[in-house]
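Report on the following structure.
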Amino acid sequence: MSSRVSTGARPGARFAQFKLVLLGESAVGKSSLVLRFVKDQFDDYRESTIGAAFLTQTISLDDATTVKFEIWDTAGQERYKSLAPMYYRNANCAVVVYDITQASSLDKAKSWVKELQRQANENIIIALAGNKSDLVAEHPDKRAITTADAEAYAREAGLLFFETSAKTAENVRELFTAIARKLPLEQAGNRGMRANPRQGVDLRPEAPGTQGGGACNC
Amino acid sequence: MGHDGEDSLATSEGGEELANDRSKATSPPRDGEDESTIRVLKEEGAETSSKVESSTISQARFQSLETEQEYRPPLPPRPTNVNLLREGSYSPKSSLQRSRKTSRPQLLSTATTALSRTDIHTQSYQDGSRETFDASAQTTPPSKATAAFGSIKRIKDLSGSEGGDSASVKSYAPSLETGGDVESLLGEVLGASQESPAWRLHSTQNGALNPFDSVAYEDDEATVDFYREFDEIGAVAADGENEEQLLNQWKSKRKHFLILSSAGKPIYNRHGDDNLISGYIGIIQTIISFYEGAHDQLKGFTAAGARFVVMSQGPLYLVAISKLGENDLQLRVQLEALYMQILSTLTLPNLTHMFSNRPSTDLRRPLQGTEPLLSALADTFTRGSPPTLLSALECLKVRKTHRQVINDTLLRTRCETLLYGLIVASGRLVSVVRPRKHSLHPSDLQLIFNMLFEARGVKAGGGENWIPLCLPGFNKNGYLYMYVSFVSAYESGGEEGREGQNETGKPDDIAILLISANKESFYDLRKMRDSLVEELEANGSMAIIKSAVRRGRPTATDIVPGTVLRHFLYKSRANVQFTMPSYEPSFTTLLAKRRLLSLYHALHASVHAKNAHLKVHHCISRESISLAWVTPLFELYCVAGPHASRNALAQSANKVIQWVRREEERVFIIGGAVF
């Protein structure tokens, strides 16, 4: 939470805004990852996302660099599939989530990766997140997908890879920070935080300049 | 009652006609003045009539008394089974018998608890049609009926404040007669037995009681059960060891909703998992299809103290099983809402397509993730829901000029793609903007409010939302897209906005809903939301809304100072909206609220029974006295404590009507903003 009011807001500071989409089978923990990342909260009994939720979170990579994510947290159910292009179109980065205790969820993740690589922005940065690592920490026999297998696939497909736990916060911040570091900050343009004093989140609708800055960085 | 498509949020003519109608509809024929029946009642009560005079306008009880005599009134046939008068409570068996004999199964009556020594009569105020019946009533010696109640004198003494009352009546629908343990939960509302320990305890108490105040009920086993009504039933263990215990737990639930496909595939059930109740699903399906095979559609039946209501909608069977005493009509409205929720997820063409392709389709998959929405609806019905009972909406009370400013702001900031724009505060409508040719349907709004304020899914996300949904009342064939964001009502002024969504536990948030037919319009609507909130902040409207939310509903005594009234529901039929006071202080617990709502359900059933032609209906029980008053313009249901006099209740009812007339443009949205 504290990162939102960045200390790095001095003259010359870099500020970039990126669109991020979360995809994956239902009940793998997409919303929980976002809630952990944005609000540092966790909810044991979460109801399914309906449609999609739109959230923002700002992180500072270093004293001079601030990255703001506009996050589309999509619902995993099959019936929302046709809406997905609307969310990943123009996305600069994507987090594809699976549940390390459910073998089938990785297959679904792979098909999302394939779709993104075919249909989405050419330079989209994709991260693969194997969620619910806390379950495995307690009961190792619950694991259905080994770290090595997933890692091998991620390397092959050119994805960032983390095993995460929204419950314990393990690797959640790291995941988003790694994405932010990989994003093309230089071309994203500079925007002083001072333009928007005290307020962590830009209340205006998406600014085409910054949005496009990330997108057209070929 | 179905959701009436035509009315919705249409305009009404306002207060003048309300007044006219009131006198027209309810004045007794011989009373020339512009005074309501209620007023007349009071005067009569004071005289304690020695001759043919009635104090209670509802009729059913007395007519059944008459049929005991040789004389049969020419008007609607009445139950002839006299025995039921002598029984303190009904057994399901007797109710079945009666249902067969009477042509009016919707409205049956039970014995009064406050008969007078004088003659019992009835009188039809509403229309001339019952005059013959009046005459015959004079010849009816009531002795038999009086003798049937040994405890009348005691009751009479207890309710000493009602010196003017010579008789009272309670009518209810046959589906209420479930007997058994329901009595202790719903008590007098359902016609419980006369001599329960609770009653004896009650009779020792004095003073101004609130309705359903008796402490004794709280210890009751069945009562405690109601607090466990919403507990989850665990999964069946692998060895099936706990199955029996789980089944008992399942059976102890007072209300079930089952949805299955006509092929017998389970789709949704409120309690227990499929494995546990698959047998019951099979039985239900067999029963329904047995009747279907005989081309005799099964609508409902009573078994083991529970009322089963079946609704078949295309490829779906929806079943409600209730021990809470609602009647078929009311349960049907609830099933209808569940069906609408399914349509809202899938749209009608999708649903029919799936089943016409493959009749054995498992609908659980396409509906995945919407169980919380269905359950939130189901639980709302189990707790008791005035909007559902009345098929009407509640609005936030705001001054007319303030509402005008909010409407204008909505219109000013409206973006091209907007279809409907709404501001909703804790389930109450603040303002709505809509195209001239489209109205909003209460049933659609009920689904949206349920999604946002009852289910936790959307709000717990803590962000803005973009939700594809079908609003079946608007168009059941396609999707609309809804932008939702919440503003906390408890936020200090400056810190407003998207950051203020941390307090997800608060039910009192203000939601801004912008609905469009264009699925790409999220960013447009988001922009509109920003300028809308900005302007509402600037012109002070947001502060007004927030303080109205924080203030909550006024209590009944705020509305009518010094009243005996503890709660009321007022529905404006023209506006399809209702208003009510706070549940505080008398009905704060889950159980007290459920009792109150059960009473409202019973009153509603009585006045809406087919052929009832009731305009005013008094119901006196040992727990409460209540009144239903129906005119073409409004429906009013009110409840007072058991020791209140009926005259005082009637006076208060009049005061409520006056209050609503005074406040009409504040408590209701009349017209709304149209573009």
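Taking the Cα atoms of region B:439-486, what is the range of coordinates along each of the three principal axes, in descending order and whole Å?
So the extents along the principal axes, rounded to whole Å, are 29, 17, 15.
Whenever you get a sec, line up B:K299, A:K108 from highest to lowest accessible area (probe 1.4 Å, protein heavy atoms).
The ordering from most to least exposed comes out as B:K299, A:K108.
Under 15 Å from a point placed 7 Å out from the Cα of A:E78 along the Cα-to-Cβ direction: which residues of region A:12-41 have their backbone N that close?
Within reach of a label on A:E78: A:25-27.
Work out the mean other chain Cβ neighbour count within 10 Å for the residues of A:54-61 and drop it here as an integer.
Per residue, the number of nearby Cβ atoms from other chains is 3 on average.
Report the B-A buried area as the accessible area lost on both sides summed, probe 1.4 Å, in Å² to the nearest 100.
2900
What FRET efficiency comes out for the pair B:N539/A:E174, r = Cβ-Cβ distance, R0 = 35 Å, nearest 0.05? Write out the running numbers ahead of the final one.
Numbers: r = 46 Å, r/R0 = 1.30.
Computed FRET efficiency for B:N539 and A:E174: 0.15.
Measure off 7 Å from each Cα along the Cα-to-Cβ vector at A:E151 and B:D273, then give the distance between these two points in nanometres to one decimal.
Going by the 7 Å Cα→Cβ label model, 3.5 nm.
For the pairs B:K519/B:K571; B:K519/B:K593; B:K323/B:K571, note any where the Cα-Cα span goes beyond 31 Å.
Table pairs above 31 Å Cα-Cα are B:K519/B:K571; B:K519/B:K593.
How long is region B:223-337 along each principal axis, judged by its Cα atoms, biggest number first, in Å?
41, 32, 24
Taking K and R as +1 and D and E as -1, what net charge do the other residues with C-beta under 10 Å from the C-beta of A:E47 add up to?
+1
Which whole number gives the average, over all residues in A:76-87, of C-beta atoms from other chains lying within 10 Å of the residue C-beta?
The shielding value for this peptide is 3.
Equivalent ellipsoid semi-axes for region B:343-436, as square roots of 5 times the alpha carbon gyration tensor eigenvalues: give them largest first, rounded to whole Å. Kindly include the intermediate steps, with their values, before the conclusion.
Numbers: eigenvalues 246, 83, 21 Å².
Rounded to whole Å, the semi-axes are 35, 20, 10.
Between A:V67 and residues 5 or more places away or on another chain, which pairs have amide H atoms under 5 Å apart, with H built 1.01 Å from N, and which residues are they?
A:A16, A:I59, A:S60, A:L61
Going through the cross-link list B:K253/B:K299; A:K110/A:K182; B:K400/B:K615; B:K299/B:K437; A:K68/B:K546, which pairs have a Cα-Cα distance over 26 Å in this structure?
Pairs exceeding the cut-off: B:K400/B:K615; B:K299/B:K437; A:K68/B:K546.
Per residue, how large is the accessible surface of region B:541-628? Use a 1.4 angstrom probe and give square angstrom. Could the numbers behind the result be given before it?
Numbers: 2390 Å² over 88 residues.
Accessible area per residue: 27 Å².
From largest accessible area down, sort B:Y280, B:Y420; use a 1.4 Å probe on the protein chains.
So, going from the largest accessible area down, we get B:Y280, B:Y420.
At a 1.4 Å probe radius, which order do B:D231, B:D379 fall into by accessible area, largest first?
Most to least solvent-accessible, the answer reads B:D231, B:D379.
Hey, got the average number of other protein chain Cβ atoms within 10 angstrom for residues in B:658-666?
Working: counts 0, 0, 0, 0, 0, 0, 0, 0, 0.
For peptide B:658-666, the averaged partner shielding equals 0.
For region B:517-675, take the convex hull of the Cα atoms, compute a quarter of its surface area, and give me that in nm², please. The partial results should precede the final answer.
Details: hull surface 52.3 nm².
If I average the Cα hull's projected area over directions, I get 13.1 nm².
Any idea how far apart B:H613 and A:D40 come out in nm if each label point goes 7 Å out from Cα toward Cβ?
For B:H613 paired with A:D40, the spin-label model returns 7.2 nm.
The values are calculated or read from the model by the stated rules, or taken from the named source; none is laboratory data. This one's a predicted model, so the numbers in the text were calculated from it and none came from an experiment. Here Cβ is always computed from backbone atoms with ideal geometry, including for glycine, and neighbour counts include all displayed protein chains. In case anyone asks, the SASA skips ligands and DNA or RNA and just uses the protein heavy atoms, side chains included. Shrake-Rupley method; radii C 1.70, N 1.55, O 1.52, S 1.80 Å.
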